[in-house]
Amino acid sequence: MSRAEPAVRLPVGVRFIERDWLSSNMVLIAEPDGGATLIDSGYVKHSALVVSLVEHALGQLGAKRLTRVLNTHLHSDHCGGNAALAARFGCEVLVPAGSVDDVRRWDTAALSYDGTAQRCARFEASGVLVPGESLPIGGVPWEIYAAPGHDPKSLVFHCARHRLLVSADVLWKNGFGVIFPELVGESGFTEQAEMLELIAGLDVDTVLPGHGPAFAEPLAVIETARRRLASLRDDPVRNARYALKVMIKYLMLDVEEIEETVLAERVAGASVLRSAAALLDLPVEAAFDWAVGELTSQGALRRLNGRLFNV
Ligand SMILES: [Zn+2]
């Protein structure tokens with residue numbers, strides 16, 4: 001008989017909004033003053049949906065308005081709703097301290113949007129989240145941790161009082177996000193390994209990840225993540241292959257259908273995708289062909305008359 005999955009229990013005043021893979025999950029937390037704090041805001045394509053999901057969840061929580069958005073990191077799928085939410089609610093937007101200058105200059109290269117050929121609506125940062133500091137959310141203290149590995153500037157948020165972790169793309173129920181720094185010749189595997197050890201040492205009953213379902217009792221999940229990390233680390237080409245497929249699938253989730261040659265050009269013009277292709281030891285066109293072939297045979301894309309369709 002298989003063991004039942006441990007139940008996920010959320011404290012009163014906390015809503016976990018699970019999204020698709022184009023958009024990150026969102027966490028809405030009611031504040032004692034009648035406001036509410038949102039963590040992460042999804043991808044720009046669905047920003048109108050984000051606003052309506054937040055309006056609905058505010059009603060469920062009995063909160064009057066959205067007062068703050070916090071971003072774990074500024075990948076396009078985590079902050080694409082910031083501009084629409086700020087326009088709708090006049091809320092504050094707090095970003096990781098390491099990214100605030102990039103936001104103020106709207107440096108789309110430093111923010112990774114150019115390198116990945118992704119989109120994000122420009123927004124203003126009204127303040128910063130500083131690793132090592134504590135921040136009251138929902139009337140209780142949360143600790144902010146630096147969480148490099150997937151993204152050098154990412155953060156995770158831990159509430160010891162509620163034994164709750166908002167883990168961003170550092171830990172999902174099935175793995176973790178692409179280790180991007182390793183694609184461009186920087187260190188990421190070591191940092192990700194340290195993050196898994198850090199999380200294993202925190203008091204956590206429930207994890208609210210950046211993608212996929214919430215889960216309880218994370219130690220078994222961390223063990224699986226350690227094994228996956230070890231296999232990527234043993235063979236960085238595996239990391240690059242995985243990254244290339246994920247990034248192409250991501251572009252297809254955004255555009256839904258496109259001329260194959262147009263997508264190939266877009267990929268060739270994006271530095272992070274080009275770097276991943278270079279790790280495969282293939283010209284970018286050949287790496288693109290390989291990745292599209294893999295995604296097609298896995299049923300994630302369909303190819304017809306020179307066009308690609310998301311499935
Ligand atoms: Zn990310």
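Return the long-range amide H neighbours of Leu208 (sequence gap of 5 or more, or a different chain), with a cut-off of under 5 Å between placed amide H atoms.
Distant-sequence amide H within range of Leu208: Leu165, Val166, Ser167.
How many Å² of accessible area per residue for the stretch 14-234, probe 1.4 Å? Could the numbers behind the result be given before it?
Working: 8230 Å² over 221 residues.
Here the residues of the stretch 14-234 average 37 Å² of exposed surface.
What's the ranking of 120-127, 179-186 by average number of surrounding C-beta atoms within 10 Å, highest first?
The packing order, highest mean first, is 179-186, 120-127.
For Thr224, Thr116, give the ranking by accessible area with the largest first, probe 1.4 Å. Kindly include the intermediate steps, with their values, before the conclusion.
Values: Thr224 70, Thr116 5 Å².
Per-residue accessible area, sorted high to low, gives Thr224, Thr116.
Could you calculate the contour length gain from Leu10 to Arg238, that is, 0.36 nm times the residue separation minus the distance between their Cα atoms, to one decimal place in nm?
Values: separation 228, 0.36 × 228 = 82.08 nm, distance 3.61 nm.
Additional length available on full extension: 78.5 nm.
Return the carbon/sulfur percentage of the accessible area of the chain, one whole number, probe 1.4 Å, all protein chains in place.
Of all accessible area on the chain, carbon and sulfur atoms account for 52 percent.
If you average the alpha carbon positions of the stretch 241-284 and of the stretch 36-100, how far apart do those two centres end up, in angstrom?
So the separation of the two Cα centres works out to 28 Å.
Over all distinct alpha-carbon pairs, what is the Kirkwood Rh of the chain in angstrom?
Roughly 19.9 Å, rounded to one decimal.
Starting from 0.36 nm per residue, how many nanometres of slack lie between Thr261 and Trp290 once their C-alpha separation is accounted for? Please report the intermediate quantities before stating the final value.
On the way: separation 29, 0.36 × 29 = 10.44 nm, distance 1.41 nm.
Taking 0.36 nm per residue and subtracting the Cα distance, the gain is 9.0 nm.
Based on the mean of other beta carbon atoms within 10 Å per residue, what is the order of 50-59, 64-73, 278-287, most packed first? Don't jump to the answer; show the numbers that get you there.
Values: 50-59: 17.8, 64-73: 22.5, 278-287: 16.0.
With the highest mean Cβ count within 10 Å placed first, the list reads 64-73, 50-59, 278-287.
In deg cm²/dmol and to the nearest 500, what is the mean residue ellipticity at 222 nm of the chain if only DSSP H runs of at least 4 residues count, each as -39500 (n - 2.57), divided by the residue total? Before the final figure, lay out the partial values.
On the way: 11 runs with 117 residues, N = 311.
The helix-only estimate for the chain comes to -11500 deg cm²/dmol at 222 nm.
The values are calculated or read from the model by the stated rules, or taken from the named source; none is laboratory data. All values derive from a computational prediction rather than experimental measurement. Don't worry about glycine lacking a Cβ; one is built from the backbone with ideal geometry, like all the others, and counts go over all protein chains shown. Note: accessible area is taken over every heavy atom of the protein model, side chains too, but ligands, DNA and RNA are not part of it. Shrake-Rupley method; radii C 1.70, N 1.55, O 1.52, S 1.80 Å.
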